[in-house]
Amino acid sequence: MSSGVPSGSSMSTSTPGSPPPRAGGPNSVSFKDLCCLFCCPPFPSSIVSKLAFMPPEPSYTITEDNNLALIEGRAAWPHEPTFLSNCVEMRVGRSRRRNRVACTMIRAVPNAHFTLLFSHGNAVDLGQMSSFLYGLGYHLQCNVFSYDYSGYGCSTGKASEKNLYADITAAFELLKTEFGRLDRAIYVGLPCEVTRRAILDMRTRKMSLENSTITIQTLVARTAGYSGAELVAVCQTAAMFAMRENLEATVVQWKHFEQALTAVVSRTEAYLLEIYDDFKAGKTSNA
């Protein structure tokens, strides 16, 4: 998405860099979790919470004047120190699930015409990502707006799939209300048949399948309405079902994908698709 957000800071440039992500934290996977996964009936929400979310120890705090304060030893800022205070602004929103959502606006270049809403990867938070986001904004010549998921950094609550959806919604609303109106939005729909095939081919390339051609063709037909992340989850969950059946399994069979399709379903609701279709057709205004 893009936004007509002005940037009034002038500055010189510095070579961007990104500190290595730090794994671990309260949601890291323990031996007990793996035993429960393979020895007990799997619950999709529990699998997602334990394997998909790994919050690190917080690497930053937010000062009273909405600046980012990095914790020494947990995050690094290799650029000019003044850039951190002049170009990085912090805000805290509230999600519909009542969690505080920490957000940052990084203005790496003056007078940028576009703003990128960036969802960072796992096992990192805004403090660890700040240097990378600054470099990304500088190279793309745009502002970068990002946020921490529930349970990450200064965001409250517990990391979960439902909280994740609420977090990005809250971040998007805060971006619009705090940093200017939305002048243009880019609609990216759910993967079409060709795209689903490409995603599934890529995610199963290193997996030994019972019959790769038939498996991929059937999966493409059965996953209409799935997002890219859900397609990835289907492949990962099928592999986990194969391991649960036999820890020394070398082949992922179709029955494992059948089980995965039952556990991982499309979560894009019909009313959202109608909103997106109306937006694509120009029936709604986003100004």
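The values are calculated or read from the model by the stated rules, or taken from the named source; none is laboratory data. The model shown is predicted, which means the values in this text are computed figures rather than measured ones. Virtual Cβ from ideal backbone geometry, glycine too; neighbours counted across all protein chains shown.
Give me the pairs: first residue in the range 245-264 and in the same structural domain as Thr215 (by TED's automatic domain parsing) and without any contact (Cβ under 8 Å) to a residue 12 or more places away in the chain, second residue surrounded by 13 or more Cβ atoms within 10 Å (Cβ to Cβ) and not charged (D, E, K, R), beta-carbon distance under 7 Å, and six or more apart or on different chains, which are they?
Close Cβ pairs satisfying both conditions: Ala249/Ala242; Ala249/Met243.
Does any residue in the range 148-171 that is farther than 17 Å from Gly121 by Cβ come within less than 6 Å, Cβ to Cβ, of a residue that is modelled with pLDDT of 90 or more and part of a helix (DSSP H, G or I) six or more places away or on a different chain, and which pairs are these?
Gly157/Asn163
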